[in-house]
1. Rounding to the nearest 10 and keeping the result within 0 to 90°, find how far the Cα-based axis of helix B:77-94 lies from the longest principal axis of chain B.
2. Using only the alpha-carbon atoms, how far is helix B:47-63 inclined from the longest principal axis of chain B? Give it as 0 to 90 degrees, nearest 10.
3. For a quick check: with amide H placed at 1.01 Å from N, whose amide H comes under 5 Å from A:Leu128's, ignoring anything fewer than 5 positions away on the same chain?
4. Of A:Ile74, A:Ile136, how do they rank once you tally other Cβ atoms within 10 Å and put the fewest first?
5. Return the loop-located GluC sites (Glu not before Pro) in the stretch B:1-88 (DSSP other than H, G, I, E, B) with at most 12 other Cβ atoms within 10 Å of their own Cβ; answer none if there are none.
6. Using only atoms on other chains, find how many Cβ atoms lie within 10 Å of each Cβ of peptide A:105-117 and report the average.
7. Which shape class, rounded, prolate or oblate, goes with the stretch A:47-168 when its Cα gyration tensor gives a ≥ b ≥ c as root eigenvalues, a/c under 1.5 marks rounded, and past that a/b bigger than b/c marks prolate?
8. Can you give the average number of partner chain beta-carbon atoms within 10 Å of each beta-carbon in peptide A:133-140, as a whole number?
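Nothing in this text is a laboratory measurement; each read-out follows from the coordinates by a stated rule. None of these values were measured; they are calculated from a predicted model. Please note: Cβ atoms are built from the backbone with ideal geometry, for glycine as well, and neighbour counts cover all protein chains shown.
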Amino acid sequence: MTAESKNVENDKQQLRTGLWATVNERYPGSMITKSDFVALAKSKKPLSESRLTFVSTAGVQPKGSLPFDTVHPIGDYTFRCVPSDSKPSDLEIHQLKYPTSGAERDINVIFPIERLQELQAVGLIGELAPNFFSFIGYNMDAEMLERTLAEDLAEAVEAEGSDVALLAPA
Amino acid sequence: MQRAIEKRGIPTVSITVALDVTEHIKPPRAVFVPFMMGHHFGVPFHKELQRRIILDALNFLATTERSGEIKMLPWNWAQARQEGKLIEEQFRLKS
C-alpha cells in the first residue's frame, strides 16, 4: 500500500458518518447545507506580492477585548479583530466547543500567527493585513449567521484590501 | 463565511478537520487534514509542520480549477504527535 492510499484509508476511518443528519434532526436549521457552488475568485497577484488575512472560528482574541459569549444558547454573532503583529502572549481563547489542549501550550496549532509572520518575513507572503479576524463557531441560527456575521466579517476583510484569505474553521 | 468573502472577489482557502461538515457547506476551496479538532496546524512547537500546512493550503489556492474542490493533505496525526513529542524532548534537553 502506498503512503498516499494509506492516508486516504485513514481519512475514511475518521469520517463521522451520519452525524450531520443527527444534529440537524435535534436542532433544525442549525446546520448549513448548500447545493450550489460559488464562483471562484481569481488571484490577481502571486502570493509573494499579496496581502493575506487569516480568519478563525477559534475564539482567539486580544487580551482585554470583550470576551466571546460562550454560554449564550444561540451563540455569539460578533467577531474580534486580532492585530496581525500580535504576540501569542497578547492573545487568549474564549471558546469551549473544541479541545484547546494544544492551543493552550502553543496557540499556533489553531491560530498560526507566528508562522504567518515568519512566512511574511522571508518573503513567501507579500504582506499581512493589519488585522486577522476571529469569532466563535457556536452559532445555532445559521440564517442569522449568514445574514449578519458572515457579511460583517467579509466586509471587514474587504475593507483592509486583502488579496487572499486563509480560513481555519475550528 | 468563506463563500461570503469569495463572493466579494477575494480568493479563499480553508483548512478543515471535519470533512462531512465541509462537504455540506461547499466552500470554494478547502484542504483536509486528519487531525484532532482544534489542531488544524498540527501539534504544539512543531513549527515545520505548522508552516507546511499553511503553505499546502496556499499552494492549493493557486492551483484550484473548480469551486468546491477539497484536497486531502498527506499528513498523519499519529506521526505528527510522535514528531511533536520528540521536538519537546529536545527542547527540554536544551533548556
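1. Value to nearest ten degrees: 40.
2. Here the helix axis deviates by roughly 20 degrees.
3. A:Leu52
4. A:Ile74, A:Ile136
5. Working: sites: B:Glu6, B:Glu23, B:Glu48, B:Glu65, B:Glu69, B:Glu83, B:Glu88; in loops: B:Glu65.
Answer by residue number: B:Glu65.
6. Details: counts 4, 10, 2, 10, 16, 5, 2, 9, 0, 3, 10, 3, 0.
If you average over the peptide's residues, the count of other-chain Cβ atoms is 6.
7. oblate
8. Per residue, the number of nearby Cβ atoms from other chains is 1 on average.
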